Each structure stands twice: as structure tokens, then as C-alpha cells.
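The values are calculated or read from the model by the stated rules, or taken from the named source; none is laboratory data. What you see is a predicted model; the values in this text were computed from it and never measured. Neighbour counts run over all protein chains shown; Cβ positions are idealised from the backbone, glycine included.
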Amino acid sequence: MDGDYVIGGVFNIHYYMHTVKHNYVTVPEPLRCTGSINTRQLRFSRAMIFAIEEINNSTELLPGIKLGYHIYDACSSVPVAVHVAFQLLNGLDPGFYTGDNCSQSGMVMAVVGDSESTSSISISRIIGPFNIPQVSYFANCACLSDKQQYPNFFRTIPSDLFRSDALAKLVKHFGWTWIGAVRSDSDYGNNGMASFLDAARKEGICVEYSESFYRTHPRSRIQKVADVIRRSTAMVVVAFTSSAEQMILLEELSLEPFPPRQWIGSEWVTDPDILRFSFCAGAIGFGIQKSVIPGLRDFLLDLSPSKVAASPVLTEFWEDAFNCRLGKSETFVFMFNIREAPTVVSLWSLCDGTEDIKTLQSPYTDTSQLRITNMVYKAVYAIAHAIHKALCQQTNSTTQCDKFARIESKELKKVNFSRNGYDVSFDANSDPVARFDLVNWQKSESGSIKLVTVGQYDASLPVGQKFQINRNLTWVGGGTQVPVSVCTDSCPPGTRKVLQQGKPICCYDCILCPEGEISNATDSSDCFPCLKEFWPNVKRDTCLPKPVEFLSYNEVLGIILAAFSVGGACLVIITVAVFYRHRTSPIVRANNSELSFLLLFSLTLCFLCSLTFIGEPSEWSCMLRHTAFGITFVLCMSCVLGKTIVVLMAFKATLPGSNMMKWFGPPQQRMTVMSFTLIQVLICTIWLVLSPPFPMKNLTIYKERIILECALGSPIGFWTVLGYIGLLAVFCFVLAVLARKLPDNFNEAKLITFSMLIFCAVWITFIPAYLSSPGKFTVAVEIFAILASSFGLILCIFAPKCFIILFKPEKNTKKYLMNKD
């Protein structure tokens, strides 16, 4: 249609270009489109006509100016698109204007199209140098945002850079880290997939395979891509393809059964022609926002036979839709079998005028999901507003427009208007604000697939608010559970990821955290150690306080040792009672009763001091247990040493002229015991003053528990105390050995010798046992040594005497004691 200003339109109304083999002898045939009609693209072209007629009927936009249009079919072919670009530049007028004010009639002022990025690139490179603006409604390759290469290119559909980012966030949102990727082998598919893969890597998503194909590739190439999808382990397939490529791929996949796949799509998810592939139910993707264009449906359905007959494209659409021919009926002869007679079949019947387009179920008449159609509508209005800004001026209440001005690209950059509730403007890259609907393929009750909007993506919103889901989704196979698509199941807390050699980072093994370390997050890449006083639980996903261990009265070992300690003390008390009851008997008096009672008192303290080693160590108990042990045992050894000296002195005193007992009487005996004991008291005092024992949490013996024990403070102090006791014991043992053969019916030196043998044996074995025993068993060894040596003393020294006192009273006489063997 002619007009004062002509807008060019490029649509892919047919699917294929007719290809011929050139013989270089005859003139090549003109380029022409073939194949069936893409009724959706036909609707796009009709929407352009509708918008232009709406503008021409407007009194506010371009008053007095008539817009015309030249619409071409590029049939998804770059050669045809290039041919169309030259036709748009040349115009259709046969002559030239010679006047000063040249009319712009017949000259294309701007171009709406193309729907494919590769074709749009070709058109832009041709018409760009002539400063003719191009506004695409469907070319969403991010490469077209490069203003240095495409300065006059605009579009009403958002760049795929935003869609790629949205798809990556969508995949990450549902926890899919192992995906397959297919793309159109075109500028749209390659650039879109490259942007998506870059965004996916940033989100930690791995790609099992990435395959490309184009509609003109041989079927073997399509089969290869289909086989890769069938054999893959990735449950999710991201398809950055055009509708034509996606349809070819799905047709190939439908030939053989294959495992269910969750499809994630680009713009093809909103193409109603692809909804017939029911095995893609559950597919999701970002499509252009759904819109409403008032009056468009009535315009599309307003097709009378005269209008249809006047347009070859509409005629072809009408005949395909109703399976009739506008004109003469044709008959063809088909040879079904060469052995049989030919069969005559009438393929077409004449259209009788009863065809009603309102009853037709076709993408052409379906206006329930107007998405790309609205992009065409907005592109036409954007050009009209740019022309209006360049031509028209507001004077008083009227608008005057100059028909002889040209539109330039800079006018389109200033466009900012609203139409039917939708804003139209362009940013610095000549792109609109990116807004998408999240579309889900859901099965209706009738079993057919319908498009359901379940969320939105708005790039103009702040980070974290761009992506929203507001309805339940249906997944592959009609399920309600989100499918799982991972190379390896998530590593639970308590394990860490170890990458599998030669595979992507999403493929890993789950290794249990090492001893003493935990991981408290899923898919942790590393484990970290617990604090010193904590230890992992069995699952190694949390740190728990280590159990504190010490020799307690509540455990069996502590109870046994405490019982022996109290029992030993009671045994000493009984012995004291027996000796006190028979204190005047010869056997008691003959063995220095004063030192005997002092020895029994010290033994009582020895038995009871072992109780200080049981229980939770504290600052006072640590100082008390070692010092009490050291002092009481020295007191005990001093008494034994005094008794041994008394035995020796007593027998020396029987020799004629000897006065030895005068020098070692009771006062000297007391002084000796006190002196030896005071030396130990002095050693303990120095130890306590300089570096006393203290409670300590031992974290080195056991990794999984804490041993609460008494640190020695100064090891020198401890071993000095122990060494002093050992020195006295050795001295006693030597003197007792010297006195063991003295003549007497009852020689106490023999008993002391045995007791010192036991004492020394116990404490000599104590040293290696003490040094090698772990934890609370160190304390148990020390208690055992105390009890064993104490029992050795009381049983060897006092048990024989008590036996005679209680059971052999006939031997408890002075006469018996004085008799010699």
C-alpha cells in the first residue's frame, strides 16, 4: 500500500527458500519462497497492516499523513533477506522527481523486521549505511546491541543477554547443576548459548554436552543431536533454538521413544505450533509478556473472498486452511502400483463461499497469547512516533506536519510513549527494558497442552527481585515434583566434595570428613577442624563438647579403689584397737608401742590420702593429694626406720658394756621421725610455692575426649618427693636386712624386711606404669601403688602380731619372747 511515508516489513511467511542448481548456462531463476505457510508469521504481517491502518485513522498521531507499507517474505533465508533489503532500498517507483520538494512516496523510511537475528544482521549491514532505521520485533541476539556495527538497528524485543541471565538463574533456582544444551547454528543460537553458558558457569552449572544444528543441515546431523540427547544423563535440556529448528529436532526425537527430559526453552516455548509435541509437557522458558491488542482479532477475521483473492499469500493461506481452491478444480493422476490401472484422484475442490474463518483453529486466528505480535505492533508505533517527532509541530490546538522531511535514527532514540498499557522506549543500545513471562506447558483436562504464565522476570528491578514465581509449575510427565538433574547427588553434611578426574566440577565423589573435622553444609568443598575442646559427632556434621573424663566415684574403678582405701583404713583402726586393748601385753611392749601407734596412725593417713586422688581435680585437691601422699608416706617410712633402728639398738644394747639405747631412747626416736618428716614438709612447701600442681585439661592423650587431671607443676618437685620416700625405703630395707638374723623368738626386723621388699617392688614397678598409663589410669596406678604398699606394711608388720594376740595368746608371754632358738 502506498502512502506519504512507506514502512518496510520483513516476515518469514514461508518456511523454506526454493533452491535450484545453477548450471551457469541459463539465467538463474528469481529467488522465491516455498513450503507451507507459517500462519503465525502471517499474523505478524497482518498485525503490521492493522497498526498502520490504526495510525492512518488517528487524529492525534501523524494527522494528515498517510503511512504505506511494503511487506516482503524472507522465508527464513539469508539470501532472500539480502534480496529483500536491496528491494527496500531501490523502491518501486519507475521514475525520478525533478521538483524541489520531492515527495517521499514510495521511499522506505524505516523497516520492521526481520524475525531472525542472522537475517536482521544482513539487512542492517545493507540499509544501515543509508541511515534507514530498522526495528526488529523478534531478533534478540545480544550481538545486535553493538552500536558500532549496527548504529541504525532497534528492536522492541529484549536482548538475549537478559534472557540468558534469566535462564541461568532459573536453572540455578531449581538446583539443576547438570544440563544438556542445544542451539541453532546461527547468530541467534550461537550468541545466545554463549551468553547462557557464561552466566551458567558463574552460577556453578555444568554442561554435559552442547550441540548445534540448523534447519538446512542434512538429517544425519539432526539424528546425531537427537542421539546425544537420548544417551545423555542430564535430565534438563536447555534449547536456544528458533521455532523452526526446535520443531525439526522434536520431530526427530518423536520417531523413537527416549527417556523423559525437562525442556528449558528460549522464545520457542511460546510458539503454538510446537505445542503439539505432548512429550514436551512441563517445558518452561521465558517468553515475551502476553498482551492484548484491541480490535486485532476482528481485523484478522475480516477476510472476505475478494480480499483473499486479491492477495496471493492470503489465497495460499485460505486454500491450505480449508483444503479448497479459489478457482478451477485440478485433477492429478497418481500411479500407486505399476501393475494396476492408474488411480485418478481429485486433490482440490472449489471453494464454495461457505468457508468461515471464525471456525478455523489456527495460530493465525489464535489471539489468546499475543506476545511477538505485540512486538510488531509496538515497532510500527515506534516508527510512527519517530516520524511524528520529525515532521509535526504543535501550534495552538492543532498539529501541523511537513510531508517532505526525512526520519533519522536519532528520532527513534527519543521515542518514549505508552500504548495499550505498554511502555515503549529504547536504551543506549537501542534495546527495550527486558521483561519476560515465565511460561509453563501444562496439560489441560482435555489432554491438550496450554501455555500458562507462572512467573515474571523484570531486569529493571533491583537484584534479588528480578525473578519471581507466583504459580505452581507442572514438570516433565505432568509431575508436581521438581525433577533432579545433577551429575552427582549432593554431598550431605559430614562429607566433602572431591572432583572426579577429567570431569566437570559438578561431577565429584563424597568423602567422609577426616577424624576431628566436620562440614555442616551440603556440597561442602572442604572440612574444617573443631575447636580443641570439641569433637565431631558420628555424622561429622557438628562439633560437640568433648566429654570430660577423670577418675570418679561413680565408676566401677573409682568405687573399687575407694572401697579398698576405706577398707585399709578400717583395718588399721581395728589393728589400733587390738593393740590398744592389749597394750600391756609383752608382744606390744616388746615392739616399741609408741612407734607402732605412730606407724598405725601414718598408715591410716596413707590409706585415706588415696581418696584425694578420686573425684574431679580442683586446685586444692591437686595440691593436697601429692603433698599429703608425700608427707604421710615419709611419716610412715620414718616410723618403720625408727623401729628398725630400735631393733638394732636393742640387740646391740645386750652386749656387755654397751650403752647404745641411752643414745636412741624414746626422745631420740621421736626426734628422728620428726626430722625425716620435716624434710619432706620442707620439700613439699618449696614445691607448692614455686610451681604447685594444678588441674589441667589434657587434650593430647585422647583426641575425642578431655582428660581432667592434675598437672605436676614442677616435675622436679614430684620426683624429689617420690625419691625421698624411696631413699628412706631403701635405708629401711638395708637396716632390716642387717637385723633379720638377730637371735630372738620374735624378730620384727624380718617382718620389716618383707614389708620393705613389697614396698620397693611396688614403687619400682610404679614408675614405668605411671609413665605409660593414659588418662585417668595414671591416677589409678598411683592409688594402687599407695594402697599396695600400705597393705604390704600393715600385713607384714602388724598382721603376725595381731594373729598371736588374738589366736595364740600362749605365745604372748615374756617367757616365750625371751626364749632363744
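Considering each residue of segment 545-562 in turn, none proves to be loosely packed, with under 13 Cβ neighbours inside 10 Å, of a type in the set (Gly, Ala, Ser) and assigned to a helix (DSSP H, G or I).
Are any residues in segment 9-26 under 30 Å from Met48 (Cβ atoms) and not in a strand (DSSP E or B), and if so, which ones?
Correct list: Asn12, Ile13, His18, Thr19.
Pairing each residue of segment 462-476 that is in a loop (DSSP other than H, G, I, E, B) and of a type in the set (Phe, Trp, Tyr) with any residue that is surrounded by 10 or more Cβ atoms within 10 Å (Cβ to Cβ) and at pLDDT 90 or above, provided the two are 6+ apart or on different chains, yields C-beta distances under 8 Å for Trp475/Gln262; Trp475/Gly282; Trp475/Val482; Trp475/Pro483.
Let's see how each residue does on (1) more than 28 Å from Tyr209 (Cα to Cα); (2) β-branched (Val, Ile, Thr):
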site: Gly447; (1), (2): yes, no
site: Trp475; (1), (2): no, no
site: Thr480; (1), (2): no, yes
site: Val484; (1), (2): no, yes
site: Asp489; (1), (2): no, no
site: Gly502; (1), (2): no, no
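Please specify each residue of segment 277-328 satisfying the condition of being among the β-branched types (Val, Ile, Thr) and either assigned to a helix (DSSP H, G or I) or without any contact (Cβ under 8 Å) to a residue 60 or more places away in the chain (or both). Selection gives Val308, Val313, Thr315. Looking at Val292, Val269, Val238, just one residue is modelled with pLDDT of 95 or more and among the aliphatic types (A, V, I, L, M), and that residue is Val238. Counting only residues that are buried (at least 17 other Cβ atoms within 10 Å of the Cβ) and touching a Lys or Arg at 6+ places or on another chain (Cβ under 9 Å), segment 195-209 holds 7 of them.
One residue is enough: does segment 51-60 have a residue meeting the conditions within 56 Å of the chain's Cα centre (by Cα), assigned to a loop (DSSP other than H, G, I, E, B) and in contact (Cβ under 8 Å) with a residue 60 or more places away in the chain? Within segment 51-60, not a single residue is within 56 Å of the chain's Cα centre (by Cα), assigned to a loop (DSSP other than H, G, I, E, B) and in contact (Cβ under 8 Å) with a residue 60 or more places away in the chain. The set of residues from segment 365-418 being basic (Lys, Arg) and surrounded by fewer than 17 Cβ atoms within 10 Å (Cβ to Cβ) comprises Lys389, Lys403, Arg406, Lys410, Lys413, Lys414. Collect the residues in segment 49-70 that are under 18 Å from Asn374 (Cβ atoms), touching a strand residue (DSSP E or B) at 6+ places or on another chain (Cβ under 8 Å) and surrounded by fewer than 21 Cβ atoms within 10 Å (Cβ to Cβ), keeping them in residue-number order. Of everything in segment 49-70, just one residue is under 18 Å from Asn374 (Cβ atoms), touching a strand residue (DSSP E or B) at 6+ places or on another chain (Cβ under 8 Å) and surrounded by fewer than 21 Cβ atoms within 10 Å (Cβ to Cβ), namely Ile49. Entry remark, segment 109-159: residues being more than 41 Å from the chain's Cα centre (by Cα), under 13 Å from Phe11 (Cβ atoms) and assigned to a loop (DSSP other than H, G, I, E, B) number 2 in total. Residues in segment 558-581 that are without any contact (Cβ under 8 Å) to a residue 12 or more places away in the chain and within 60 Å of the chain's Cα centre (by Cα) were compared, and the one that is nearest to Cys796 (Cα to Cα) is Ala563. Which ones in segment 247-276 are touching a residue at least 40 places away in the same chain (Cβ under 8 Å) and in contact with a Ser or Thr (Cβ under 8 Å, 6 or more places away or on another chain)? Those that are touching a residue at least 40 places away in the same chain (Cβ under 8 Å) and in contact with a Ser or Thr (Cβ under 8 Å, 6 or more places away or on another chain): Leu249, Gln262, Ser266, Glu267, Asp271, Asp273, Leu275.
Residue count for segment 226-243, restricted to those that are of a type in the set (A, V, I, L, M), in a helix (DSSP H, G or I) and within 31 Å of the chain's Cα centre (by Cα): 2.
Taken over segment 181-225, the criterion of being outside any helix (DSSP H, G or I) and charged (D, E, K, R) is satisfied by Arg183, Asp185, Glu203, Glu208, Glu211, Arg215.
Does any residue of segment 448-464 turn out to be of a type in the set (Phe, Trp, Tyr) and more than 30 Å from Glu54 (Cα to Cα)?
Within segment 448-464, one or more residues are of a type in the set (Phe, Trp, Tyr) and more than 30 Å from Glu54 (Cα to Cα).
Checking Cys510, Cys487, Cys506, Cys491 one by one, the residue that is under 16 Å from the mean Cα position of the chain (by Cα), part of a strand (DSSP E or B) and surrounded by 14 or more Cβ atoms within 10 Å (Cβ to Cβ) is Cys510 and no other. Only one residue in Ser368, Ser362 is free of Cβ contacts under 8 Å to residues at least 12 places away in the same chain and over 31 Å from the mean Cα position of the chain (by Cα), so which one is that? Ser368 is the lone residue from the list that is free of Cβ contacts under 8 Å to residues at least 12 places away in the same chain and over 31 Å from the mean Cα position of the chain (by Cα).
Taken over segment 763-780, the residue count meeting the criterion of being surrounded by 19 or more Cβ atoms within 10 Å (Cβ to Cβ) and modelled with pLDDT of 80 or more is 3.
Filtered by the rule that a residue be at pLDDT below 85 and either crowded, with 22+ Cβ neighbours inside 10 Å or touching a Leu at 6+ places or on another chain (Cβ under 8 Å) (or both), segment 563-581 gives a lone residue, Phe579. Which of the residues that make up segment 582-623 are modelled with pLDDT of 80 or more, assigned to a helix (DSSP H, G or I) and farther than 21 Å from Leu793 by Cβ? Those that are modelled with pLDDT of 80 or more, assigned to a helix (DSSP H, G or I) and farther than 21 Å from Leu793 by Cβ: Glu619, Trp620, Ser621, Cys622, Met623.
Does any residue of segment 495-503 turn out to be among the charged types (D, E, K, R), surrounded by 18 or more Cβ atoms within 10 Å (Cβ to Cβ) and within 30 Å of Asn152 (Cα to Cα)?
Checked against the condition, which is being among the charged types (D, E, K, R), surrounded by 18 or more Cβ atoms within 10 Å (Cβ to Cβ) and within 30 Å of Asn152 (Cα to Cα), segment 495-503 yields no hits at all.
Annotation: Thr59 fulfils all but one of (1) in contact with a Phe, Trp or Tyr (Cβ under 6 Å, 6 or more places away or on another chain); (2) farther than 27 Å from Pro272 by Cβ; (3) not charged (D, E, K, R); the unmet one is (1).
Here Lys147 fulfils each of the conditions (1) touching a helix residue (DSSP H, G or I) at 6+ places or on another chain (Cβ under 7 Å); (2) modelled with pLDDT under 95 apart from (1). Of the strands (runs of 3 or more DSSP E) entirely within segment 371-434, those holding at least 3 residues that are of a type outside the set (A, V, I, L, M, F, W, C) and within 29 Å of Gln289 (Cβ to Cβ) occupy 416-419, 422-425. When residues in segment 131-153 are screened for being touching a residue at least 40 places away in the same chain (Cβ under 8 Å) and closer than 11 Å to Ala110 by Cα, 7 of them pass.
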